[in-house]
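Working notes, structure below.
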Amino acid sequence: MEFFLDTANLDQIREVNELGLLDGVTTNPTLMSREGGDWREQASLICDAVDGPVSLEVIGTTHEEMIKEAKDLVSFGPNVVVKIPMIPEGMKALKELREREIKTNVTLVFSPSQALLAAKLGATYVSPFVGRLDGLGQSGMESVDQMRTIFDNYSFATKILVASVRHPMHVIESGLIGADVVTLPYATIMQLMQHPLTDKGLATFLADWEAFQNE
Ligand code: E4P
């Protein structure tokens with residue numbers, strides 16, 4: 001399973017990269033706006049800092065606008081993946097972007113039927129937002145499970161990129177289902193490493209060793 005970081009923050013990106021855990025980055029207009037400043041400069045710095053794919057999202061809502069923006073976004077680096085919203089105009093744009101061999105990430109996906117359409121149109125990634133579905137009392141992971149079955153039934157190459165991740169159980173369940181990628185907020189990736197028994201065990205080992213040295 002690949003780990004992407006769901007952020008536009010360069011410090012977080014560099015820190016997770018140093019851990020050796022960074023396979024890629026996903027951004028969105030909200031995450032970009034949180035960083036402030038010149039978004040073009042920020043996008044360019046992110047693309048340079050990451051070896052893997054970096055998703056940058058279009059703002060336009062017509063396919064003409066999306067195509068125009070996509071052509072601009074790919075100039076930030078060879079690792080750019082253009083994020084397209086799951087709306088009819090987005091589907092039109094997908095077809096053309098596939099013909100131009102521009103990688104795409106279909107975002108704001110909330111149902112297996114939406115994922116199926118994106119896969120049929122040759123999206124590189126499809127991003128189900130599991131946390132937002134859970135928030136409505138629906139099971140985000142059940143949707144991802146259905147997407148996995150559908151994609152496997154038809155050997156779609158589109159990768160399932162689990163997004164809107166809220167906690168480590170979303171990551172564990174993604175692994176059990178066989179999702180290709182999870183995109184994680186910085187706090188969640190750090191949470192994956194932690195266990196109180198690890199900290200307690202290490203403290204005991206070090207204390208015992210120190211006592212042994214002082215015998
Ligand atoms: C994915 O690419 C999105 O940026 C992200 O996961 C959205 O999640 P949210 O529900 O935390 O905003």
* LEU202 vs. criteria more than 20 Å from LEU19 (Cβ to Cβ) and more than 16 Å from the ligand (Cβ to nearest atom) -> no
* So ALA118, is it closer than 16 Å to THR26 by Cα and among the small types (Gly, Ala, Ser) -> no
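What helices (runs of 4 or more DSSP H) lie completely within the stretch 77-164 and have 2 or more residues being in contact (Cβ under 8 Å) with a residue 40 or more places away in the chain and touching a strand residue (DSSP E or B) at 6+ places or on another chain (Cβ under 8 Å)?
Values: elements: 88-99, 112-120, 130-135, 140-153.
Where helices (runs of 4 or more DSSP H) fall fully within the stretch 77-164 and carry at least 2 residues being in contact (Cβ under 8 Å) with a residue 40 or more places away in the chain and touching a strand residue (DSSP E or B) at 6+ places or on another chain (Cβ under 8 Å), they are 112-120.
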* Asked: For the stretch 139-153, does any single residue satisfy the condition of being touching a helix residue (DSSP H, G or I) at 6+ places or on another chain (Cβ under 7 Å), modelled with pLDDT of 95 or more and among the basic types (Lys, Arg)?
  -> yes
* Asked: With respect to ARG166, is the statement that it is surrounded by fewer than 19 Cβ atoms within 10 Å (Cβ to Cβ), within 26 Å of MET66 (Cα to Cα) and under 15 Å from the mean Cα position of the chain (by Cα) true?
  -> no
* To do: Among what's in the stretch 119-163 and is among the small types (Gly, Ala, Ser) and within 16 Å of the chain's Cα centre (by Cα), pick the residue that is nearest to the ligand (Cβ to nearest atom).
  => ALA163
* Of these, LEU31, LEU45, which one is more than 18 Å from ASN105 (Cα to Cα), surrounded by fewer than 19 Cβ atoms within 10 Å (Cβ to Cβ) and among the aliphatic types (A, V, I, L, M)? -> LEU45
* To do: Would you point out the residue of the stretch 49-67, among those that are more than 16 Å from the ligand (Cβ to nearest atom) and exposed (fewer than 13 other Cβ atoms within 10 Å of the Cβ), that is farthest from ILE84 (Cα to Cα)?
  => ASP51
* Pull up the stretch 169-215, narrow it to residues that are in contact with a strand residue (DSSP E or B) (Cβ under 9 Å, 6 or more places away or on another chain) and of a type in the set (Asp, Glu), then point me to the one that is surrounded by the most Cβ atoms within 10 Å (Cβ to Cβ). => GLU173
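The values are calculated or read from the model by the stated rules, or taken from the named source; none is laboratory data. Since the model is a prediction, treat every value here as computed from it, not as a measurement. Cβ atoms come from the backbone with ideal geometry, glycine included; neighbour counts cover every protein chain shown.
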